[in-house]
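First the structure, in the form of structure tokens, and then the observations on it.
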Amino acid sequence: MLQVIRHLLDRIRGAARPESREIVHSDEKIFHRPALAREMAADLMSRSHASGMFLTAPRRTGKTTFLRYDLIPTLERERKALVLYADLWERRAEDPGAVIVGLVEDALNREEGWTSLSPLRRLSLSRLKAPGVEVELAKADASRLPSLRENLERLSDLTRRTVVLIVDEAQHAQTTQFGRDVLFMLKSARDHLSICERLMFRLVMTGSHHAKIERMIRYKHEAFYCASLKVMPTLGEADYLAWERAVHGPAFRPSLAAMSHAFEVCFQRPEVFHIACCRAASQALRDPQEQESALSQAARELIEIEKHEFLTRVMELDALDQVVLRQLAGTGTRFAPYMPETERRLVQLMADMHGAPTRDTSPAAIRAALGRLREANLVWCGDGPHVLEESLSAAWLKELGPDPSAPDHLDGCSPARPAPAPITRAS
């Protein structure tokens, strides 16, 4: 009886609620990828992605910008979806499970807010009587808290739209017990709401570290075992490069091939590439070849500065922490910190370091070193193996010779940086 009443009131609310949505105007400083957004939106709403869509792309390559400015508007405008978006990196001080659950609850509360509360509740009715029927409304509502799956289902019913939950940097959900529990709650919601006659729920999870997000679908004990994993296309096509070149005015005319090379030097990161273009354009060079040389040099200098800052940070670590970090870079996800062969390798690495003091390499000491590296945001660990926080740093660590404390590893650092140019964002 209570479900029938709710259904009738939901229909009344749905008919009475005006369709009001803020119009977001396109930002000229953002490179949009509408074709990719439409393709991904169509894939997400198809049966082939009923188990969810998992996406990876290196950090700072435009993934989040694409989600916010291309994919979400496309889902809302062309697919009429209700999109809920959570960035776990932005809210990493909070429990990731609480962030996800709270996001759904807040959306449901808005739909069931004071302006749309049922007339029964407005009249403070606790009991409804009809011939042969008597329902305790308050008692029925308060008997238990609804599950995450029930909240998603009700949200879809109230809005008559497919609820799309996008969790950005989803690997952080593995770092707490509640976060891991919520992943299994989402799996339950996905399984239940994907077999309904009406498409009620779709899940998108993204990560900036391939090994971290891959773990969520690779192992049998994980919630999303065997879900599909896609590597997001990075920027770098001719239309993007031409757009970036035009940002700096008609006098800036390096070839697209030269810009493509500089973009690769910047590890396909649009913000770093934009700064390199700003530096080259600010030199007021007329000849396109001179502009190309200036652009290439600016790109190399920016990366050298970043590399130098990272290696300087590594050199300031305790000797044991340094060699643990280097060993992790060399072995990747095969890193077995507490095996005898790892201990022998760490002893050898420290012996190669000039003037390094003797360090305990017992499992307890290695565990403590990994804890310090996690606190320094150099190493990450969810509920699986340790990995480097930034996959890019592995290549720099592998370049270190037998003695990473030698001065030549820090030679050739770039000159002091000028004031940074305004950032042009690209999705």
Quick tally, 1.4 Å probe accessible area for Lys212, Lys220, sorted with the most first, runs Lys220, Lys212
Label-to-label distance, nm, for residues given as His210 and Arg110 (7 Å Cα→Cβ offset): 3.6 nm
Subtract the Cα-Cα distance of Arg344 and Leu145 from 0.36 nm times their separation in residues, and report this length gain in nm to one decimal. 66.3 nm
Arrange the residues Ser362, Ser194 by how much accessible surface each exposes, largest first, with a 1.4 angstrom probe. Ser362, Ser194
Formal net charge of residues neighbouring Arg202 (Cβ-Cβ distance under 12 Å; K, R +1; D, E -1): +3
First select every other residue whose beta carbon is under 10 angstrom from the beta carbon of Val323; then total the charges, Lys and Arg +1, Asp and Glu -1. 0
Below 12 angstrom from the Cβ of Arg300, what's the summed charge of the other residues (Lys, Arg +1; Asp, Glu -1)? -2
Label zone at Arg38, where the point sits 7 Å out along the Cα-to-Cβ direction: segment 62-82 residues whose backbone N lies under 14 Å: 71, 74-75, 77-79
Exactly which GluC sites (Glu not before Pro) in segment 222-265 are in a DSSP loop and have at most 16 other Cβ atoms within 10 Å? Glu237
Give the residue list of trypsin sites (Lys or Arg not before Pro) in segment 148-206 that are DSSP loop and have at most 13 other beta-carbon atoms within 10 angstrom. Arg160, Arg198
Förster radius 51 Å - calculated FRET efficiency between Gln289 and Tyr219, Cβ distance, rounded to 0.05: 0.45
For the pair Ala251 and Arg372, how long in nm is the line joining their label points, each one 7 Å along Cα→Cβ? 5.2 nm
Kirkwood Rh in Å, taken over all unlike Cα pairs in segment 151-255: 16.6 Å
Expressed in nanometres to one decimal, the distance between label points 7 Å along Cα→Cβ at Ser48 and Glu316 is 4.9 nm
Compute the length gained on full extension between Glu264 and Glu309: take 0.36 nm times their separation in residues and subtract their Cα-Cα distance, giving the result in nm to one decimal. 14.2 nm
Using unit Cβ charges (K, R positive; D, E negative) and no other charged atoms, how large, in debye to the nearest 20, is the dipole of segment 30-71 about its Cα centre? 180 debye
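The values are calculated or read from the model by the stated rules, or taken from the named source; none is laboratory data. All figures in this text were calculated on a predicted structure; none of them were measured in a lab. For neighbour counting, all protein chains shown are included, and Cβ atoms are generated from backbone atoms with ideal geometry for every residue, glycine included. For accessibility, only protein heavy atoms count, side chains too; no ligands or nucleic acids. Shrake-Rupley method; radii C 1.70, N 1.55, O 1.52, S 1.80 Å.
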